[in-house]
Amino acid sequence: MTLSDSVSGGLESHIPLLHDTVDGSVDYKDRRVHRSSSGGWRSAFFIFGVEIAERFAFFGIGLNLISYLTGPLGQSTADAAANVNLWSGTASLLPLLGALIADSFLGRYRTILVASVIYISGLAFLTLSAMLPSLGFSDCKNPNGVNSCSSQLQDNLNWALGFGIPCIAMVIALVIFILGTRTYRFSMERNEQSAFVRVGRVFVIAFKNWRTTSLSIAVQAENCGTLPHQSSQQFKCLNKALVSPDGSREYGEVCSIDEVEEAKSVLGLIPIWATNLVYAIVFAQISTLFTKQGVTLDRSITGGFKIPPASLQSVMGITIVIFIPIYDQILVPVTRKFTQNPAGITMLQRIGTGMCLSVICMVTAALVETKRLHTAREHGLIDNANANATIPMSIWWLVPQYVILGICDVFTVVGLQEFFYDQVPSELRSVGMSLYLSIFGVGSFLSSFLISAIDKASGGEGKDSWFSNNLNRGHLDYFYWVLAGLSFVEFIVYLCFARSHVYKERTEHECVSICN
């Protein structure tokens, strides 16, 4: 059984026949379900609970992970940033595996249960590592021989609480999710293949038939009554999946035209996917190097309270909340007058605007870091043995780069979600959204690789690398300029692919849905 869209019942509450059974759905005991006793908001609240707790746990851990790795665990700045990016990349790519398991094996309900248990186990082990000094402080000596770790029980307890609270939240959320089992609607078992399997099968068979000539494809297509115009002229190499070398048409040996067209629609997304990877690398710096910058700045507010450096990321969230209504209520109507497009600008134009802004963001970050290093040099903090010595420069200097990235989010991230959801057949929308998520997963891996490579290249022969543990002796500004340059080059390449992209034609049903 698979968990269906529980919220669908919310739109059906106005139907007079409330006790009609829901076609294609059963309850957790395989019995037919009624609209009045299942689905709707009662089910949605249980699902919202586990999702809110999961996001709370993810961001609660992710935003502070670099501080934990460079603090209690004693890792270098470069290693910690690379490890956080690896963690973030893995978390972004695992939904691909989860979707395949849910669609082909366990179903959505059981997949959520298993994934939640694994999630809670990981949080529990992380909490345990913070509670046990023998595990958490294996390397507390910095390169200068100075003890970089604190031995007061209060510091250890704070980290344990910081990791333990998300763990407890996930446990409560899992219990709430299970309590809602009686209200969920489960889709009845079907013999349809997973969209991932169908698309993957096309690529596998086309690769097996790589020696097949265009003439052979045409002959077999004619013998089978397949009209030439039924297959698009784009990505003709995938047409080899329509035939088999021995001419057989047995199941598993060849693919249907519909399956090939599905694969072509996915392949058409790859250029846009690839040209957004540098944007994902920029995005990965939010929870790593931006946070490390904030640690060195003056974070004091009235009453002796200091702003946690990771909390600046809330500025980005606030920017998104403020700018989305501005985009929808002001920018869209204004641009609509010039473009005659109901959405104001196209999805690809929206993505490109955010990518252009990401260049400005990295230029801004580089200039602020140059200012930070200049201030540190003026006050004689370059060679200070304390790597986290406070620089007399306000942490509010970092706000502009967070604000610009928040605006980038409204353009590029939202645009990518729309694009990868809209530009595939409705049966492949799970594949499209998985591709969207994988951009940030692969981008995080690339960021990890880039940081490690630059750290080794710039820190040889006893020199401080760009990511020196003492940031005042490093050069994050150089790294930000590199990212600004890569972002600019990526933007130019993106424009070339975006100009040649052919939007998918909407079906009549899709057009009606949009108009309504």
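Summary of values
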quantity: Computed accessible area, Lys29, all protein chains, 1.4 angstrom probe, square angstrom; calculated: 120 Å²
quantity: HN-Hα J in Hz across region 61-69 - Karplus 6.51, -1.76, 1.60, θ = phi - 60°, x for Gly and Pro; calculated: 7, x, 6, 10, 5, 5, 5, 5, 5
quantity: Segments 365-373, 199-207 sorted - mean Cβ within 10 Å per residue, highest first; calculated: 365-373, 199-207
quantity: Estimated FRET transfer efficiency (Asp298, Glu253; beta-carbon r; R0 56 Å; 0.05); calculated: 0.25
quantity: Shape of region 402-453, Cα gyration tensor, a/c cut at 1.5; calculated: oblate
quantity: 13 Å beta-carbon shell around Gly344, net charge (K/R +1, D/E -1); calculated: +1
quantity: Relative packing of 393-404, 352-363, 487-498, which averages over residues the other C-beta atoms within 10 Å, highest first; calculated: 352-363, 393-404, 487-498
quantity: Computed label-point distance, nm, for sites Gln329 and Tyr503 using a 7 Å Cα→Cβ extension; calculated: 2.6 nm
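The values are calculated or read from the model by the stated rules, or taken from the named source; none is laboratory data. Values in this document were obtained by computation on a predicted structure and should not be read as measured data. All Cβ positions, glycine included, derive from the backbone under ideal geometry; neighbour counts span all protein chains shown. For the accessible areas, the whole protein counts, side chains as well, though only heavy atoms, and no ligand, DNA or RNA atoms are used. Shrake-Rupley method; radii C 1.70, N 1.55, O 1.52, S 1.80 Å.
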